[in-house]
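Have a look at the structure below, then the notes.
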Amino acid sequence: MTHILTLNAGSSSIKFALFEADTLEERVRGQVEGLGTSPRLSARVADAEKTESDLDGNAVGDHASALAAILALIESRFSGARIKAVGHRIVHGGPDYSAPVVIDEQRFADLERLIPLAPLHQPHNLSGVRAAQAAFPEAVQVACFDTAFHRQHPWVSDTYALPLELYDEGVRRYGFHGLSYEYVTRALKQLAPMHAAGRVIVSHLGNGASMCAIQGGQSVGSTMGFTALDGLPMGTRCGQLDPGVVLYLMAEKGLSAAEIENLLYKQSGLKGLSGLSNDMRVLEEAGTVEARRAIDYFVYRIRRELGGMVAVLSGLDALVFCGGIGENAWRIRERVCQDLGWLGLELDETQNREGETVISSYRSRVRVFIIRTNEELMIADHAAKKARKADESVAAA
Ligand code: AMP
């Protein structure tokens, strides 16, 4: 039996999923966390219970050794599984990559040149590629970009008002979470084709959070920009910020670039505001003034962005919630959708609390959906298609 493996390699973790190549049925999904400190492998095989095991920290310290541990797990459950293609989540495809590609040495070098645009993610994504090339030399390696879905943005959504030469050298609004938006757009097309063809806003609300304005199935705007810092406040990232704050931190407080990076990426957002946690469940339960205010700010920013996107789209046909918070936190959805009667949007309170797929009332002109996103399946689908194409060209030769 042939399979597709998906990899999402981060600084201290590697997430993976295994799918059957022909049916794209998911077989196993899991991750190795704590790389370099105390590595731990957790996985769920089909519908079975989650399995967890500590790995030997001396032996499992990098992506290659983590991949070996993942392989051992796959071998133990599906002996003889042949990996036909590996789909990699690559955070940055720069201005040019607007679709998945098979990775060869030329493209690998292209993607390495994009490291300055995503220094916290791209190097780790590429280490994952190297590890997979070594482990599966026969497999097709496919890069699937988080930026690709946004590459058709109109120029005004793609730029900052900086001297034009900076745009030319790549300082642009790229937008991220593209694999999630692509999956959700396809799922919405199945669920509600008329709405999917219209004006849609998708709110991907997880530890990373962004929103995407979509018209006729195409992204026309994203709250994220040059990096995945911009837009909504997130678990630990600040979201939209006056660049004057960064100048102040440098000039008046003497913070270095590395210290500012740490502050904006790791100490801000829900965690920074609440002084407690980046986890929405913890904040909802805590009930402290600071936790409440962190949630207030999160909701306020979502509603502000929603209003701006509605203006850009000249109206709204569908609003979709996805991501850990979007899919599970009914109170957040309720607050985001409060008093939007002027937009023709009304929630059905019960359906919202119960987490139904459609959560707008029958009177609501705008339909509101919860769609469980599945970036891994999107990656597997792209990788399977590329592998099929590679097979066809071999057969034709
Ligand atoms: P993600 O990054 O998409 O996995 O989302 C993680 C976020 O989803 C965290 O802030 C979690 O607290 C939040 N989350 C997951 N389940 C729930 C829930 N039942 N209620 C509120 N927040 C949740």
* Give the residue that is nearest to Ser210 (Cα to Cα), with candidates limited to residues of the stretch 287-302 that are surrounded by fewer than 16 Cβ atoms within 10 Å (Cβ to Cβ) and at pLDDT 95 or above. => Tyr300
* Enumerate the pairs (first residue in the stretch 260-286 and modelled with pLDDT under 95; second residue anywhere and more than 10 Å from the ligand (Cβ to nearest atom)) with beta-carbon separation below 7 Å, excluding pairs fewer than 6 apart on the same chain, so at least 6 apart or on different chains. => Tyr265/Leu120; Tyr265/Leu229; Tyr265/Thr236; Tyr265/Arg237; Lys266/Thr236
* Could you check the stretch 159-223 for strands (runs of 3 or more DSSP E) lying wholly inside it with 1 or more residues that are of a type outside the set (Gly, Ala, Ser) and either within 16 Å of the ligand (Cβ to nearest atom) or without any contact (Cβ under 8 Å) to a residue 12 or more places away in the chain (or both)? => 199-205, 209-215
* Asked: Of the residues that sit in the stretch 309-359 and are polar (S, T, N, Q) and closer than 19 Å to His204 by Cβ, which one is farthest from the ligand (Cβ to nearest atom)?
  -> Thr357
* Asked: How many residues are in a strand (DSSP E or B) and either at pLDDT below 85 or more than 28 Å from Ser219 (Cα to Cα) (or both) if we restrict to the stretch 59-111?
  -> 3
* To do: Give the number of residues within the stretch 236-252 that are surrounded by 14 or more Cβ atoms within 10 Å (Cβ to Cβ), of a type outside the set (Ser, Thr, Tyr) and not in a helix (DSSP H, G or I).
  => 5
* Among Glu356, Glu327, Glu349, which is farther than 30 Å from Leu120 by Cα and either in contact with a strand residue (DSSP E or B) (Cβ under 9 Å, 6 or more places away or on another chain) or among the aliphatic types (A, V, I, L, M) (or both)? -> Glu356
* Glu376 versus (1) within 13 Å of the ligand (Cβ to nearest atom); (2) touching a Leu at 6+ places or on another chain (Cβ under 7 Å); (3) in contact (Cβ under 8 Å) with a residue 60 or more places away in the chain; (4) farther than 16 Å from Val202 by Cβ: which is the lone unmet condition? -> (2)
* **Enumeration of residues in the stretch 344-397 that are more than 19 Å from Phe321 (Cα to Cα), among the acidic types (Asp, Glu) and at pLDDT 95 or above** => Asp381
* Return a yes/no flag: does the stretch 239-253 have any residue that is closer than 30 Å to Leu377 by Cβ, within 16 Å of the ligand (Cβ to nearest atom) and in contact (Cβ under 8 Å) with a residue 60 or more places away in the chain. => yes
* **Search result, residues across the stretch 254-285 that are away from the ligand (no atom under 12 Å from the Cβ), within 16 Å of Tyr297 (Cβ to Cβ) and of a type in the set (Gly, Ala, Ser)** => Ser268, Gly272, Gly275
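The values are calculated or read from the model by the stated rules, or taken from the named source; none is laboratory data. Small disclaimer: the values here were computed from a predicted structure and weren't measured. So basically every Cβ, Gly included, is an ideal-geometry build from the backbone, and we count neighbours across all protein chains shown.
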